[in-house]
Structure formats: C-alpha cells, structure tokens
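The values are calculated or read from the model by the stated rules, or taken from the named source; none is laboratory data. Quick caveat: nothing in here was measured; it's all calculated off a predicted structure. So basically every Cβ, Gly included, is an ideal-geometry build from the backbone, and we count neighbours across all protein chains shown.
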C-alpha cells in the first residue's frame, strides 16, 4: 500500500518535472578540467529559474547540455543523464530536441540568418518539414504574440538591438518548445529595454506556461520574476533555492554573484535586529516593509 | 565604393516589374543580355540600351541603373579608346562601348529588382544543394554586419595610433593587418555561433525542408514572358537580317 | 580653459541622421565623468569626437587647445585613450606583449621606455603569466583587462571607457571600479559611457545625461540620478538605493550613497 502511494507520488512528481539532470559531468575534448562536476538539477514545468555564477563557472556548458548541443555538436567526456520532457538528451536528435527546448544566445545578431524577419522566424518550422500553411500560421501567431508584426518584412540590419532580441526569441518560440533557455539576454541591452524583455518573459510564462531558465549577471532585473536561483562555481552547483533564500545567504557574495543592494540591505538590517516581513525583491518592497516598522 | 555597390544592391520598391516572378525577371534580363551581344550596329545597340532604361523606369529604379551606367562609363570609354587604337573605326568602337554598358545595366537590372529571398528561391529551383544556397544567403545577410565590424575595428585601431592614410604602398598594406586579423577572427567566431544557432533550430533534421515562400507564375508573369519572347525573337530577326546604315 | 571643450557641436551621419545636436560642454583635467542615456542617444558618437575619430559637421571640439579638425586621430590618441566595448574588435597580435606594445610603437616611444611600460601594464593588470600567450586564447574578462592594459600602457591623460561592464561578473566589476579610482587619484581624466547605473553609483562621477543627441542633464551623480522625471524621459533606470530613497518618501539629506548609509538611517528611524 505504501509502495503504491509512493509510486503514485513519484509519478506525479515526474509529470511536473520537465528537466532532470542527474549526476552530470562533462569535460571538453583535450581539456584537463571538468567543465561540469556532478551536477544534479530538476526544473519543474512552468517555473522561471535563474542561473548565476562567475565567468567560467560552467553556466554556458550546462545550457548546451540541456539543449543537446552537448554532446551532439561538442563531443567530449560525458557522464550522467539529462532527461528533457521524458527524452534522454544524448540519444535524441536535435530536430526533436528543438521542439522541446529553445536556446536564445547572447548575441541576437548571429541568430538571425535570413533577409526578412518573417522568413527567419519560419526557419525552424521549415527545418521540420511542416506544411506551408502551418508555418504561415505559426509565424503570424508568434509575431502577434511578441508585438513585432510591423517588422515582418524588415531586414535584420534595420532592427534595433531590442527588436533583434525579440525576433530571435520569435524564431525559438515558433518551434513551440516547453522550455526556453536564455543566455545572458540583457547584456547588450540598455536597462529600459532589458526590463521590457524581462516583462515579456514573465508574460510568456504566465500566459503560455513556458518554462524558463535564464543565465544572467544582472540579478536585480530578474529577482522580481524568478521562482528559483541556482548558483554555480567552477563546474559545481553550489546554491539552489528561492532568490530570497540564496541572496540573503552570506555565501552568495563569496561566489562572486552580483547581490542586489536591497538584498544586502535586508541582511544587514537583520544583523541589526530589524526583521522585515518579507525578503524584498525590489526597492519598493523594501520601502513598504520599512514603512511598517 | 558604397556608391558603386548601390548599383547592384536590392532595394525594396513597389513597381510592376518588381512584382514579377523572379524567374521572369531573370529571363527578361537574360534576353537583354543576349540582345546586347547580338546587336552589331549602333542603332541596334542603342535600341537595346533605351529599352533597358525604359524597363528601369517601369521598375522605378532609373536612378540606380543610371548610376551603374554612369560608373561604367569609364570602362566603356576605355573599350572605345582601345578599339579605336586597334583601328576598328569610330562606329564599331562606339558600338562595342555601348554594348558593354548594355551588358552591365541588364545585369544590374536583375540584381536591383530581385531580393535575396527571390535569389534564394531561384537557386533552389535550379536544384543547387541546400547547404550551398544557405551559405550564399547567410553571406549576403551578413554583408552589412561585416561592414559595420570593419568600421568599428578601424576605429579601435586608429585610437591606438594606427595610421591608415599615410605611407607608401608597403606600409599601407602592413597597416591592414590589425584590421584584417580581427575581421577574420570575428568571422570565424561568428560562423561558430551561427552553427550553434542553426543546430538549435533543427537545421538538417529532415532531408526535405519545406518553405514559407514559393514561386507561382501568375497571369501577368505569363503575359510578360510571351510578350518578351516575341519581342526578343523579333529583335533578333531584325538585327540579323536588316542591314542598318550604321 | 578646459582640457576638452565642445562648442556647438552638431554631427550628421552620411545617411542624413543627426546624431549630435548643438552640444556645448567641457571636461576638466582630473574630472570623473559618467555619460548615460539609452542606446542611440549619441553617447558613443560624442566620445568619438574627443579623439577625432569623428569630426563635427558644425561646431568645434578642442583637446588641450588643439582643434580636432586640425590633427589626425593618431595624434590625438596620444593624449586620449578610448577602450571600446568589444575587445574582439581590437586584439590581433601574436602575443599579449606585442598587443600591449602595439600602440607604444605606433607613437614612437623608445625601446627602454616601451619595456618599462610593458612590465608595468602586465603587472598592474595581472597579465604577467600570459606575456607570451596569444590574446585570442584568453577568457572574456582577461581580454577586457588586456584591452585596458594596452591603452593605459601609453599613459594617456584622458581615459574613455565605452561600456566597460558589459558581460562582466560582480568580481570583475569591482576590480574595474578599483582601477578607475586608482587612475583618478593618479590625476587622470576619466569618462565612462555606461548603462550600468549601479556601477556608476559606486563611483559617484559627474553625470551627463543624453537623449536623442542632446545633453539633457549635467551635474553630480546623486542629484541627477534622483531626478525621476529626467531619468524617466531619458529612459535610464535609477540605481536601487535611489529608488529606495524615493519610495521611503525622501529624507532631507538626499539619497543613500551606499548600503551602510541606508542601514543606519533605517536603524535610527525604527527606534
């Protein structure tokens, strides 16, 4: 009876776990150091997870293990298991994986290949051999979703950085993946455009239930919308919890991540014996708590 | 340099000619090209040139085609001069010079009115392998990006004391090295990033990818096709059999 | 007479777009300046006028009394060093030491001086172990340090940093801020173009706000950053501590300069 209950609970957990990384270690060919060192990570469907850490900690490598570029494009010493939506990543073709996970790289320029925006968005579905009407439908739908319909026939060099970012994202969403990974998406954007992008991610998560994993240095932009914060250091996963838990942990600073000032302030106030009602994700929340003291 | 390239770069324009199926545009341009070679008298070649300009007006690209012609005047003049020197006579030399202008402008007409997307479709239609077509498309797509990179690299190196405008030929060539190496390195890195992005969007996952756009011949395409064929045949006949005074 | 002067500078691109509109301002020796504004506001265009990469369409720019129209960029670069955003647009040598000495040779320094400056740069930026390595195998952060090293090697009076914190993690940013402070105390004039308002807040420079080719704000960092209407219209976000100050309904002493200032104020207020 107990076994049956546990089995059904495990089944439920497995249903909502979109990505499971078990004991993953990876070393590039001819490399001495392990880029990833026994990583265990599970991502639930519908969540927004932020991945942070110093340069060289293995974030980029981890992303590529999730979408299959490792090991399909980058062979090496690969140990452990990565299961995405039930499929083992190392044994599934890139075409199938592209419909489960989309990866948005740092520089949108090098992800837009075609001469017109709508043509580029169609690139993924074309590769899948979908019928023309289906492709047209998806392209129109995704352009409406991201508010870029007026840009349909523009050439990429006529777009601003923020627009390029949206077009690249559109191309990824056209594949209808359940999980989208963003690799430092705001690094080339000014703060206003960056927060617009973050707003867009939040909306896509709420309205379409898309799961997001975002690698980012500018944590203050993402703490208001992130469910989870994972910190990596030298190939190891060293911290994993809600942003409130991680950013108020004194270890965080030691791992070289950019703890936002309001989080530091929360911790300092706590040391002074001032306990605020909640951990603030942004200045407004902290002010509200202080005004209630 | 920028100005010269303008004569062969596609510009998004709405015109009756632009609306034609790219294959028809290719055929029309090819017909002009062939007529330029067939016309061996001044009157004949002049009619070809005027016709090209007329189509350029129809395509609302007179300025661009005109620019190409103006720029080729130098080379045309050279052809004129050389032929004269080699004793071919005034009229013949002029004919050859005009022929050159007609060839260049008929080619320009095609490229100015055909978008890279349409070029891609033509290439696929004549069964060029997908990877090669993709390489061509990507190369053209990144031309503006590479140009921008070049300017930024030049800015960075000039800011470190690199003199690009001074010195003899050898010095100038040597001074290109700090510009070319970053350009090449960036291009290599870019190809790597492109490859990752392509893989991540399923490139190559099926042997027969579909296409958002497709070429379809409409009634006006057929009309233009037959009309131009008739005119072409007619012109050929006249050029061949009618003896022009000069 | 200021070190750098802009008088009525307007700059129009070849394609007809006006990038700078009637800019009149000056930068004095030893000043620490931050330039903010959204992408396309004209920040980089402005700084490119300082070393003559761009010459004004109308108006004049003078550096040390010399009109930038009268001399070449290579000449002005001797006193104005600009570190651009992308190190990959600059690195080309076969070794780190050649990369650093490139500019020194261009400027005609003597061999003995070159050797001294090279050793200094390698030491100061922690690149000694990479002396003979190729610049292309360095990590992103190391490449950024190398770019800075190769510019500071020739000891320009003015150092301009164009978006120095892009892609940098927290530790790298801290090191960068330290370097900026050190250079400033050594008497250099520093101009930083940046989006990173948190980074600028820790440096508290004079702040110049640009919008659509014009200067719309110019003053002390603390004062400018808490002018919400100005920041909003220029599409520049405010640092968290400034936002906090505004949310706490403003105290007379002005915004919090750092976390501990906020901490003590809140501590006292809760008593």
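Of the residues contained in the range B:177-192, none is found to be more than 7 Å from every other protein chain (Cβ to nearest Cβ) and modelled with pLDDT under 90. Considering the range A:107-123, the residues that are in a helix (DSSP H, G or I) and at the interface with another protein chain (Cβ under 8 Å from one of its Cβ atoms) include one that is surrounded by the most Cβ atoms within 10 Å (Cβ to Cβ), namely A:111. Taken over the range A:47-106, residues that are in contact with a strand residue (DSSP E or B) (Cβ under 7 Å, 6 or more places away or on another chain) and part of a strand (DSSP E or B) amount to 20. Out of the range A:132-151, which residues are away from chain B (no Cβ under 11 Å) and in contact (Cβ under 8 Å) with a residue 12 or more places away in the chain? Those that are away from chain B (no Cβ under 11 Å) and in contact (Cβ under 8 Å) with a residue 12 or more places away in the chain: A:142, A:143, A:145, A:146, A:147, A:148, A:151.
Looking at the range B:104-113, is at least one residue at the interface with another protein chain (Cβ under 10 Å from one of its Cβ atoms) and at pLDDT 90 or above?
No, because not a single residue in the range B:104-113 is at the interface with another protein chain (Cβ under 10 Å from one of its Cβ atoms) and at pLDDT 90 or above.
The test for being over 27 Å from residue A:257 (Cβ atoms) and surrounded by 17 or more Cβ atoms within 10 Å (Cβ to Cβ) does not hold for residue A:70.
A single entry from C:52, C:108, C:81 fulfils the requirement of being within 11 Å of another protein chain (Cβ to nearest Cβ) and part of a strand (DSSP E or B): C:81.
The set of residues in the range C:223-238 that are out of contact with any helix residue (DSSP H, G or I) (no Cβ under 8 Å at 6 or more places or on another chain) and closer than 19 Å to residue A:221 by Cβ comprises C:232, C:234. When B:133, B:146 are screened for being surrounded by fewer than 15 Cβ atoms within 10 Å (Cβ to Cβ), touching a helix residue (DSSP H, G or I) at 6+ places or on another chain (Cβ under 8 Å), at pLDDT 90 or above and within 30 Å of residue B:189 (Cα to Cα), only B:146 passes. Of everything in the range B:48-82, what is more than 19 Å from the chain's Cα centre (by Cα) and closer than 24 Å to residue B:222 by Cα? Give them in sequence order. Passing the criteria: only B:50.
Of the candidates C:65, C:42, C:30, C:81, the single residue that is crowded, with 16+ Cβ neighbours inside 10 Å and at positive phi is C:42. Of the listed requirements (1) in contact with a strand residue (DSSP E or B) (Cβ under 8 Å, 6 or more places away or on another chain); (2) within 14 Å of chain B (Cβ to nearest Cβ); (3) part of a helix (DSSP H, G or I), residue A:180 misses just one: (3). Every condition in (1) crowded, with 17+ Cβ neighbours inside 10 Å; (2) within 12 Å of chain C (Cβ to nearest Cβ); (3) in contact with a helix residue (DSSP H, G or I) (Cβ under 6 Å, 6 or more places away or on another chain) is met by residue B:163 except one, and the failing one is (1). The sole residue among C:121, C:103, C:149 that is at pLDDT below 95 and within 11 Å of another protein chain (Cβ to nearest Cβ) is C:103. Is one or more of the residues making up the range C:25-48 more than 28 Å from residue C:232 (Cβ to Cβ) and in a strand (DSSP E or B)? No, the range C:25-48 has no match at all.
At least 2 residues being within 14 Å of chain A (Cβ to nearest Cβ) and over 30 Å from residue A:106 (Cβ atoms) is the threshold, and among the strands (runs of 3 or more DSSP E) wholly inside the range C:165-271 not one reaches it. Taken over the range A:14-35, the criterion of being surrounded by fewer than 15 Cβ atoms within 10 Å (Cβ to Cβ), part of a strand (DSSP E or B) and at negative phi is satisfied by A:22 alone. Within the range A:216-226, the set of residues being within 11 Å of chain C (Cβ to nearest Cβ) and within 15 Å of residue A:183 (Cα to Cα) comprises A:216, A:217, A:218, A:219, A:221. Here residue B:93 qualifies as away from chain C (no Cβ under 14 Å) and over 21 Å from the mean Cα position of the chain (by Cα).
The single condition among (1) more than 9 Å from every other protein chain (Cβ to nearest Cβ); (2) without any contact (Cβ under 8 Å) to a residue 60 or more places away in the chain; (3) crowded, with 22+ Cβ neighbours inside 10 Å that residue C:89 does not satisfy is (1). For the range C:8-20, a residue qualifies if it is over 16 Å from residue C:210 (Cα atoms) and touching a strand residue (DSSP E or B) at 6+ places or on another chain (Cβ under 9 Å), and the qualifying residues are C:12, C:13. With the checklist (1) surrounded by fewer than 19 Cβ atoms within 10 Å (Cβ to Cβ); (2) touching a residue at least 24 places away in the same chain (Cβ under 8 Å); (3) within 22 Å of the chain's Cα centre (by Cα) in hand, flag the one item residue B:187 doesn't pass. So the condition that residue B:187 fails would be (3).
Within the range C:162-189, residues that are surrounded by fewer than 16 Cβ atoms within 10 Å (Cβ to Cβ) sit with their Cβ atoms under 6 Å from residues that are at pLDDT 90 or above and part of a loop (DSSP other than H, G, I, E, B), at 6+ positions apart or across chains, in these pairs: C:187/C:30.
Within the range B:96-119, the set of residues being under 14 Å from the mean Cα position of the chain (by Cα) and free of Cβ contacts under 8 Å to residues at least 40 places away in the same chain comprises B:104 only.
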